[in-house]
Amino acid sequence: MDFKDLGLSEESVKIVTRFYKKPTDVQARTIPLLLEGKNVFVLSKTGSGKTAAFLLPLGEKNRKGNDDEGRREQKGESTFKALILTPTRELAKQIAREAKRIIPSKKVVTLYGGIPLERDTERLKSWDIIVATPGRMLDHYRRGNVGKVDTLIIDEADKMLDMGFIDDVKAIVKEAQPKQIGLFSATLHPELKRVFPTTFEEVALEEDNFNIKHKYVHIERRKKLSLLKKFLREGKKTIVFMNTQRGVEWLSGKLRQMGIRHVAIHGKMKQRKREWLMDKFRYNEVKVIISTDLLARGIDVQDVDLVINYDEAMDPKTHKHRIGRTARLEGKEGKAITFKEVEELPKPKKKWMVA
Ligand code: ADP
Ligand code: MG
C-alpha cells in the first residue's frame, strides 16, 4: 500500500512522501474513510502514526464544508474547517508542528491555556484547523470567537471523554456542530461511541506495542531511589514518571543532590518554562526528564530508550500510554521498567528481583 492508493490528492502525496515512504496500517485504513466523510473510531497502538492518519485527510484542498460554504467563500475564507482536541498543551503543539510539515497549505492555529486569551484573537481571524485543549477552546466558543467546524478530531479520545474533560468536550461539540467526528487512541472502549448520537466506522488494530520490553521490579520503597540512580547512570534517553507534582519536585531535588543532570516538568509550571525544559529533552541537551502524566499521552520524542515508572501508574490505560513513549513506530525497540512497591522484605537474598 502506498500513499497514492488512499485517495489523497497528488499534491498531498508529493508532500507527505518527502517525510514518510509508506503509510502505516492505521493510516492506510483510516485515511480513505475520513476522505469519504465517515465518522471514525480508531484504536491503534502507541507510536503507530495516528496523527498523520487524521491530519492528511484534513489537508485535502478540495474538501468542502456544506451549509455555510457560500458565505465563507464570500468572506474569502477557506471552505473547510476542522478542530482537533487534545488533553495537553504539549500534545497540541506537537500536532500543530506535524500539520505544518505534512499539510503545509492549511493554516493551523494552536490554542491552549497559560497564555493571555487576547493573544489568540488576532490568530483566530483566519484559520483552517484549530488544535486546542478543551478548556481554552470552550472559552473561545463562549466568547463567540469561533464558529462551526466541518470535522472534529478528538485525539486521546478515551482520556478526553473521561471525567475532567467530558463536560467541556460535550459543550464544544454542541457549539462546533461537526458533520464528521474522528476518535483516536491506543486505548478505546467501544462504549465511548455512545457519547455521540451518530454511527462510527471502526478501525481496530493491534492495541499492544510488542516492541516495548517491559518488566516489573519488585522493590521496597526505601530502595527505589538508589535503583533509579543505577538506571540513570547508564546514560540512556529516559522518561521517569511520577504520580504527583510533589513527587516530581521531590525526585528532582534528590537527583540534583546526587548530581544527576535532568529536567523536571509538571502541570503547575509556567507554560514557557514547561516548553523550554521539554525542548531540552527533545533535542538531547538533557537525557533525563521527570514528569507527571502530563507526558503520558501522545507525546512523540525521538529515540526515548527507557521509560521508568518510579511510581506505578494509577490505572492500566495510563500504564500503556506511559510505556508507549518508547518504541515509537514499527521496528523501533524500547525498554520500560515499573517499580512495583513491596512490603519490607524480611530477608532479601538479592538487592532486587525481576518478576
Ligand atoms: P501515535 O499517535 O499513533 O502514537 P504518532 O502519530 O505520534 O503516533 O507517530 C509516531 C511517529 O511515527 C512520529 O515520529 C511520526 O513522525 C512517525 N510516522 C508517522 N507516520 C509515519 C509513516 N507513514 N512512516 C514513517 N514514520 C511515520
Ligand atoms: Mg498520538
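Considering (1) within 11 Å of ligand 1 (Cβ to nearest atom); (2) at positive phi, the lone condition that G37 does not fulfil carries the number (1). Taking the criterion of being within 16 Å of ligand 2 (Cβ to nearest atom) and either within 30 Å of K340 (Cα to Cα) or of a type in the set (D, E) (or both), the residues of the stretch 185-210 that qualify are S185, A186, T187, L188, L205, E206, E207, D208, N209. The residues listed here are A92, A99; of these, the one that is touching a residue at least 40 places away in the same chain (Cβ under 8 Å), crowded, with 21+ Cβ neighbours inside 10 Å and in contact with a Ser or Thr (Cβ under 7 Å, 6 or more places away or on another chain) is A92.
Can D158 be described as more than 18 Å from the chain's Cα centre (by Cα) and modelled with pLDDT of 95 or more?
The answer is no for D158.
Restricting attention to the stretch 276-292, and to residues there that are among the hydrophobic types (A, V, I, L, M, F, W, C) and under 25 Å from L225 (Cβ atoms), which single residue is surrounded by the fewest Cβ atoms within 10 Å (Cβ to Cβ)? Per the stated criteria, the residue is V286.
All conditions in (1) surrounded by fewer than 21 Cβ atoms within 10 Å (Cβ to Cβ); (2) of a type outside the set (A, V, I, L, M); (3) closer than 30 Å to D208 by Cα hold for K273, with the sole exception of (3).
Which ones in the stretch 248-270 are more than 18 Å from the chain's Cα centre (by Cα), crowded, with 17+ Cβ neighbours inside 10 Å and of a type outside the set (S, T, N, Q)?
Narrowing the stretch 248-270 to residues more than 18 Å from the chain's Cα centre (by Cα): 248-264, 268-270.
From the residues that got through so far, the ones that are crowded, with 17+ Cβ neighbours inside 10 Å too are 248, 251-252, 255, 262-264, 269.
Selection gives V248, L251, L255, H262, V263, A264, M269.
Select from the stretch 125-151 the residues that are acidic (D, E) and assigned to a loop (DSSP other than H, G, I, E, B) and write down the one among them that is nearest to M163 (Cα to Cα). Among those that are acidic (D, E) and assigned to a loop (DSSP other than H, G, I, E, B), it is D150.
Total residues in the stretch 153-180 satisfying the condition of being over 24 Å from T318 (Cα atoms) and either within 13 Å of ligand 1 (Cβ to nearest atom) or assigned to a strand (DSSP E or B) (or both): the figure is 1. Of the strands (runs of 3 or more DSSP E) entirely within the stretch 221-291, none holds at least 3 residues that are modelled with pLDDT under 95 and farther than 25 Å from D315 by Cβ. Only one of the listed residues (A176, A186, A171) is among the small types (G, A, S), within 25 Å of F80 (Cα to Cα) and surrounded by 21 or more Cβ atoms within 10 Å (Cβ to Cβ). That residue is A176. Does V304 satisfy the criteria of being at pLDDT 95 or above, closer than 23 Å to H214 by Cβ and within 16 Å of ligand 2 (Cβ to nearest atom)? Spelling it out, V304 is indeed at pLDDT 95 or above, closer than 23 Å to H214 by Cβ and within 16 Å of ligand 2 (Cβ to nearest atom). Contact map, the stretch 13-24: residues that are over 15 Å from F54 (Cβ atoms) and without any contact (Cβ under 8 Å) to a residue 40 or more places away in the chain paired with residues that are in a helix (DSSP H, G or I) and within 11 Å of ligand 1 (Cβ to nearest atom), Cβ distance under 8 Å, separation 6+ or inter-chain. Pairs shown: V13/F3; T17/F3; K22/F3.
The values are calculated or read from the model by the stated rules, or taken from the named source; none is laboratory data. Given the structure is predicted, the values throughout are model-derived calculations rather than measurements. Backbone-built Cβ (ideal geometry, glycine too); neighbour counts: all protein chains shown.
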